[in-house]
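Q: Handing you a structure now.
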Amino acid sequence: MRTARQPDYPDLYYLNGLAHYGLKEMDAAEKSFRETEKLDTTHRYPKTHQYLAGILVTKKDLPAAVEELSNYVKYAPNAPDINATRRQLRQLQQAARSGGN
């Protein structure tokens, strides 16, 4: 069971992640988004995956970024930015295959 300090509300972690992301606090943002992923079993916050992909790209972890962006495409197939995201995913997959160059 979670304590009062760690609520079972993915939206709180998502909003916390957005705040840290906006402040360029990427480690804290990643931590909050990871918690969102764990708690959001119904995928109400698919953008979590898109933000994580961006963070992972900055860390040069392209295979993990591909996985996260793939999850965004999977869980938000009708998102307004889906076509651009699919193009971005293809580019990221290519970069990951070529070792990031």
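Q: Could you check residue 33 against (1) over 26 Å from residue 95 (Cα atoms); (2) within 10 Å of the chain's Cα centre (by Cα) and say which number it fails?
A: Among (1) over 26 Å from residue 95 (Cα atoms); (2) within 10 Å of the chain's Cα centre (by Cα), residue 33 violates only (1).
Q: Does any residue in the stretch 53-79 that is outside any helix (DSSP H, G or I) come within less than 8 Å, Cβ to Cβ, of a residue that is of a type in the set (Lys, Arg) six or more places away or on a different chain, and which pairs are these?
A: Pairs found: 76/47.
Q: A further question follows. Please give the number of the condition residue 4 fails out of (1) modelled with pLDDT of 95 or more; (2) surrounded by fewer than 16 Cβ atoms within 10 Å (Cβ to Cβ); (3) of a type in the set (A, V, I, L, M).
A: (1)
Q: Here is a further query. Given the residues 79, 95, which is the only one that is under 23 Å from residue 22 (Cβ atoms) and either among the hydrophobic types (A, V, I, L, M, F, W, C) or modelled with pLDDT under 95 (or both)?
A: Answer to the check: 79.
Q: Taking the condition of being among the charged types (D, E, K, R), more than 14 Å from residue 48 (Cβ to Cβ) and either buried (at least 18 other Cβ atoms within 10 Å of the Cβ) or modelled with pLDDT under 95 (or both), how many residues in the stretch 7-34 meet it?
A: The total comes to 1.
Q: Could you list, in sequence order, the residues of the stretch 38-49 that are buried (at least 20 other Cβ atoms within 10 Å of the Cβ) and under 8 Å from the mean Cα position of the chain (by Cα)?
A: Scanning the stretch 38-49 gives 48, 49.
Q: Going by the conditions given, is residue 45 aromatic (Phe, Trp, Tyr) and in a helix (DSSP H, G or I)?
A: For residue 45, the condition - aromatic (Phe, Trp, Tyr) and in a helix (DSSP H, G or I) - is not met.
The values are calculated or read from the model by the stated rules, or taken from the named source; none is laboratory data. Keep in mind the model is a prediction, meaning the values are calculated, not measured. Note that we place each Cβ from the backbone using ideal geometry, even for glycine, and neighbour counts take in every protein chain shown.
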